[in-house]
1. Are any of the residues in segment A:23-30 under 13 Å from A:Thr108 (Cα atoms) and in a strand (DSSP E or B)?
2. Could you check segment A:20-32 and list, in sequence order, the residues that are modelled with pLDDT under 95 and away from chain B (no Cβ under 11 Å)?
3. How many residues does segment A:57-103 contain that are among the charged types (D, E, K, R) and at pLDDT 95 or above?
4. Considering segment B:6-21 alone, what residues qualify as being closer than 15 Å to B:Gln85 by Cβ, of a type outside the set (A, V, I, L, M) and buried (at least 17 other Cβ atoms within 10 Å of the Cβ)?
5. Do we have A:Ser65 as surrounded by fewer than 17 Cβ atoms within 10 Å (Cβ to Cβ) and touching a strand residue (DSSP E or B) at 6+ places or on another chain (Cβ under 7 Å) here?
6. Go through segment A:27-56 and give me each residue that's touching a strand residue (DSSP E or B) at 6+ places or on another chain (Cβ under 8 Å), surrounded by fewer than 19 Cβ atoms within 10 Å (Cβ to Cβ) and among the polar types (S, T, N, Q).
7. So, in segment B:32-70, of the ones that are of a type in the set (Gly, Ala, Ser) and in a strand (DSSP E or B), which residue ends up nearest to A:Leu89 (Cα to Cα)?
Amino acid sequence: KQEVTQIPAALSVPEGENLVLNCSFTDSAIYNLQWFRQDPGKGLTSLLLIQSSQREQTSGRLNASLDKSSGRSTLYIAASQPGDSATYLCAVRGDTGTASKLTFGTGTRLQVTL
Amino acid sequence: NAGVTQTPKFRVLKTGQSMTLLCAQDMNHEYMYWYRQDPGMGLRLIHYSVGEGTTAKGEVPDGYNVSRLKKQNFLLGLESAAPSQTSVYFCASRGYTQYFGPGTRLTVL
């Protein structure tokens, strides 16, 4: 059974700092990996999706990398801003009969302070 | 383009009562999902559908039923609510990526 772990569970950084969020998964047979953002009391918004054949994806100040063989992904946020404060969730999609399902981590709660 | 919408946004039930949560999407997606989100446990899949008229069990299906009579709608039913079903429920549909609704916060007393 796939398990997804995110470390740290919470993180507080001053504005302007670059930061890295970590995600690890136990089964490397994945179809893709996604990073989501969740604001308090809201639904999830997809940030980046990395296919299993890709090593990284970039969107603005966000860069996500994937090392499938070691079961790891990182989300790099450059020049953090208070508006980046949210919970960031990592999710993997399997590549077998469960291909239509995502397995989520429990998230990293990020606070960017002024 | 509304994306994924959920009705209602909040609900309080007494133990044993029943209710239906409605999810609607206007993106013509085949795949739809119901998740529950609990503190410290992440999102867990309850049921999902790969197309109109189909449903399948997810990770935590007990106590819930679903129906997908129309492609754009996915209904989640609780026949006899229990306090353990207090949670935030999210619906999602899948195109290239997964799109989530705003959630329904359910409390069962």
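1. The first filter runs over segment A:23-30 and keeps only residues under 13 Å from A:Thr108 (Cα atoms), leaving A:23-24.
Okay, now just the ones that are also in a strand (DSSP E or B), so A:23-24.
Yes.
2. At the first step, the residues of segment A:20-32 found to be modelled with pLDDT under 95 are A:27-32.
A:Asp27, A:Ser28, A:Ala29, A:Ile30, A:Tyr31, listed by residue number.
3. Residues of segment A:57-103 that are among the charged types (D, E, K, R), as a first pass: A:61, A:67-68, A:72, A:84, A:93, A:95, A:101.
After this cut, where a residue has to be at pLDDT 95 or above as well, the list is A:61, A:67, A:72, A:84.
Looking only at that region, the number is 4.
4. Listed by number, the list holds a single entry, B:Arg11.
5. no
6. Correct list: A:Thr45, A:Ser46, A:Gln51, A:Ser52, A:Gln54.
7. Narrowing segment B:32-70 to residues of a type in the set (Gly, Ala, Ser): B:40, B:42, B:49, B:51, B:53, B:56, B:58, B:63, B:67.
Going one step further and asking which of them are in a strand (DSSP E or B), we end up with B:42, B:49, B:56, B:67.
Working: B:Gly42: 9, B:Ser49: 23, B:Ala56: 24, B:Ser67: 28 Å.
Ranking the qualifying residues of segment B:32-70, first place goes to B:Gly42.
Each row is one residue, and each column tells you yes or no for (1) loosely packed, with under 14 Cβ neighbours inside 10 Å; (2) under 27 Å from A:Gln51 (Cα atoms).
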site	(1), (2)
B:Cys23	no, no
B:Gly58	no, yes
B:Gly95	yes, yes
B:Leu106	no, no
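The values are calculated or read from the model by the stated rules, or taken from the named source; none is laboratory data. Predicted, not measured: the structure shown is a model, and the values here were computed from it. Positions of Cβ are generated from backbone atoms using ideal geometry, with glycine treated the same way; all protein chains shown enter the neighbour counts.
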